[in-house]
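Comments concern the structure below.
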């Protein structure tokens, strides 16, 4: 019957994890689940506690640091957001109204970020912003 106690403990810890989102209580819930499995096999209580301690130690000592490291990584920029900050080569004179640049291997319509600037063909520019299908660029110094 001790397996029921472990399952209840696992459920309580699981619900608490959902409310706090710390990952710690979730790993303890998994450890309580492991102890419930051991208890269901008829293993005595001291070994159930040992299984809980070992599983909790492994979760908190090995799994949690890896998960926290992955959660702290900066978000991956994709799509047009990944183009901001890249350099481009002017293919057709860029002004505040029109122009063409090559970003990587693709040609984009472009406008000067500073509408008063005219950027000549062959100049290297930085992509400051993307508006729709148009890159707003500024010349490199």
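Since every read-out is calculated from the coordinates, none of them should be taken as a lab result. Note that this is a predicted model, so its numbers are computed, not measured. A quick note on method: Cβ atoms are made from the backbone with ideal geometry, for glycine too, and the neighbour counts reach across all protein chains shown.
Some values worked out for this structure:
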{"item": "Percent of Cα-Cα distances greater than 13 Å, calculated over region 2-71", "result": "61 percent"}
{"item": "Two-site label geometry, residue 70 and residue 19: point separation in nm, points 7 Å out along Cα→Cβ", "result": "2.7 nm"}
{"item": "Average Cα contact separation per residue, region 79-139, under 8 Å, 6 or more apart, as relative contact order %", "result": "35 percent"}
{"item": "Within the chain, helix-based [θ] at 222 nm, where runs of 4 or more DSSP H residues each add -39,500 (n - 2.57), nearest 500", "result": "-13500 deg cm²/dmol"}
{"item": "For region 31-77, the fraction of alpha-carbon pairs in successive 5 Å shells from zero, as %", "result": "5, 22, 20, 13, 12, 10, 8, 6, 3, 2, 0"}
{"item": "Potential extension, residue 116-residue 141 segment - 0.36 nm per residue separation minus Cα distance", "result": "7.4 nm"}
{"item": "Relative contact order (%) - criterion: Cα under 8 Å, at least six apart; region: the chain", "result": "15 percent"}
{"item": "Extension gain, residue 131 back to residue 50 (0.36 nm per residue minus Cα-Cα distance, nm)", "result": "23.2 nm"}
{"item": "Percent RCO, i.e. relative contact order, over region 24-83, from Cα pairs under 8 Å lying at least 6 residues apart", "result": "37 percent"}
{"item": "Between 0 and 90°, nearest 10: helix 45-58 axis offset from the chain longest Cα axis", "result": "10 degrees"}
{"item": "Per principal axis, descending, Cα span of region 43-131 in whole Å", "result": "81, 24, 17"}
{"item": "Peptides ranked, highest mean first, by Cβ atoms within 10 Å: ranges 32-38, 9-15", "result": "32-38, 9-15"}
{"item": "For q = 0.12, 0.26, 0.28, 0.30 Å⁻¹, Debye-computed log10 I/I(0) when each Cα of region 79-139 counts as one equal scatterer", "result": "-0.20, -1.00, -1.18, -1.38"}
{"item": "Packing-based order for 19-26, 120-127, using average beta carbon neighbours within 10 Å, highest first", "result": "120-127, 19-26"}
